[in-house]
Amino acid sequence: MAHQRNAPDTAQTARRARFGALPERVSPADMVEEKPATVPDPARGTYNSDEWLVRTCL
């Protein structure tokens, strides 16, 4: 008994429509998001090196 190939059935057509081609390439530049790790602290540069004298000696 020979198997005859007829027109593609609906399941085969759906598979070919879904998996028939590879997805488009995504460039590495599109996969990276750059943002600062932390929010800059406005009080960071306000250290006074002589402040310890005022706190401990007075």
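The values are calculated or read from the model by the stated rules, or taken from the named source; none is laboratory data. Remember, predicted model here, so these are calculated numbers, not experimental data. Backbone-built Cβ (ideal geometry, glycine too); neighbour counts: all protein chains shown.
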Which pairs do you get when a residue that is assigned to a loop (DSSP other than H, G, I, E, B), found in the stretch 44-58, comes within reach of a residue that is exposed (fewer than 10 other Cβ atoms within 10 Å of the Cβ), reach meaning Cβ atoms under 7 angstrom, with the pair 6+ apart or on two chains? none
Only one of (1) at pLDDT 80 or above; (2) within 36 Å of the chain's Cα centre (by Cα) is not met by T10, so which one is it? (2)
L53 is checked against (1) surrounded by 10 or more Cβ atoms within 10 Å (Cβ to Cβ); (2) within 37 Å of the chain's Cα centre (by Cα) and fails just one. What number does that condition carry? (2)
